[in-house]
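Q: Handing you this structure, nothing more for now.
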Amino acid sequence: MESKKRILRKTIFKFGLILTAMCLVSFIFSYLEKEHLNLPPFKKAMRFIVIAIPVVFGIRAFKKDNEGFTSFKEALKAGFGISALAGVLMTISYYLFLTVIEPDTIQQIIELYQAQSIDISFIKPWLLSLVIGFQIIFTGMIFTLISGLLLKKSLPATV
């Protein structure tokens with residue numbers, strides 16, 4: 001049997017990359033449809049599902065690889081690791097998008113909010129990228145808490 005740390009690392013890496021890929025595909029589709037600045041409510045809800053699927057399945061995979069047992073603490077570690085890895089990678093990806101691929105996006109966002117009489121002239125690419133990363137981590141943690149409570153199964157006590 002593999003050690004729990006090794007199983008945990010493997011699960012975090014695998015499902016963190018899957019979550020990153022799913023977030024990137026979701027973002028690319030919204031960019032190609034010119035909706036990346038102002039997503040419709042349905043697509044915002046779909047982003048929650050995109051984050052939930054790898055987190056829940058990652059915790060489930062960890063439990064399966066751990067002989068069907070996982071504590072709430074282990075589920076939190078797995079879910080947070082998956083969310084944190086994806087959050088960091090998406091922060092880097094979004095920063096590259098804002099500075100290299102489409103540097104006019106910040107100005108478009110400022111104009112969009114100024115039309116609504118909201119001043120966000122202080123916004124910078126690194127700040128917006130961090131917000132995206134924290135959104136992924138926070139949302140992932142919500143789904144981690146829920147799935148950790150539902151999927152926890154402790155080892156039976158030996159007498």
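Each value in this text was obtained by applying a stated rule to the coordinates, not by laboratory testing. Remember, predicted model here, so these are calculated numbers, not experimental data. Cβ placement follows ideal geometry from the backbone for every residue including glycine, while neighbour counts extend to all protein chains displayed.
Q: Could you give the dipole magnitude of the stretch 4-151 about its Cα centre, charging the beta-carbon of Lys and Arg +1 and that of Asp and Glu -1, in debye to the nearest 20?
A: Computed charge dipole of the stretch 4-151: roughly 980 debye.
Q: Counting other Cβ atoms within 10 Å of each Cβ, which chymotrypsin sites (Phe, Trp or Tyr not before Pro) in the stretch 72-159 have at most 12 and sit in a DSSP loop?
A: Hits after loop and neighbour filter: Phe122.
Q: Connecting C-alpha atoms closer than 10 Å in a GNM of the chain, tell me which of Thr144, Thr105, Thr11 has the biggest fluctuation.
A: Comparing Thr144, Thr105, Thr11 in the GNM, the peak value goes to Thr105.
Q: If each DSSP helix of 4+ residues adds -39,500 (n - 2.57) and the sum is divided by the residues in the chain, what number results at 222 nm, nearest 500 deg cm²/dmol?
A: Value at 222 nm, helices only, nearest 500: -25500 deg cm²/dmol.
Q: Moving to a separate point now. Evaluate the relative contact order of the chain (contact order divided by residue number), counting alpha-carbon pairs under 8 angstrom at least 6 apart; express in whole percent.
A: This gives 33 percent for the chain.
Q: Between helix 41-65 and the chain, what is the angle of the helix's C-alpha long axis to the longest principal axis, kept within 0 to 90° and rounded to the nearest 10?
A: 20
Q: GluC sites (Glu not before Pro) within the stretch 1-101: which are DSSP loop residues with at most 16 other Cβ atoms inside 10 Å?
A: Loop-located and lightly packed - Glu2, Glu33, Glu35, Glu67.
Q: Nearest 10 degrees, 0 to 90: what angle lies between the long axis of helix 72-96 and the longest principal axis of the chain (Cα atoms)?
A: Around 30 degrees separate the two axes.
Q: Another question, then. With a bin width of 10 angstrom, please list the P(r) values of the chain as percents of all Cα-Cα pairs, from the 0 bin to the one holding the largest distance.
A: 11, 35, 28, 16, 8, 2, 0
Q: If the cut-off is a Cα-Cα distance under 19 Å, which lysines reach Lys63, setting aside same-chain residues fewer than 8 apart in sequence?
A: Lys4, Lys5, Lys10, Lys14, Lys73, Lys77, Lys152, Lys153
Q: Anyone know which of Lys14, Lys124, Lys34 comes out most mobile in the 10 Å Cα GNM of the chain?
A: Highest fluctuation among the options: Lys34.
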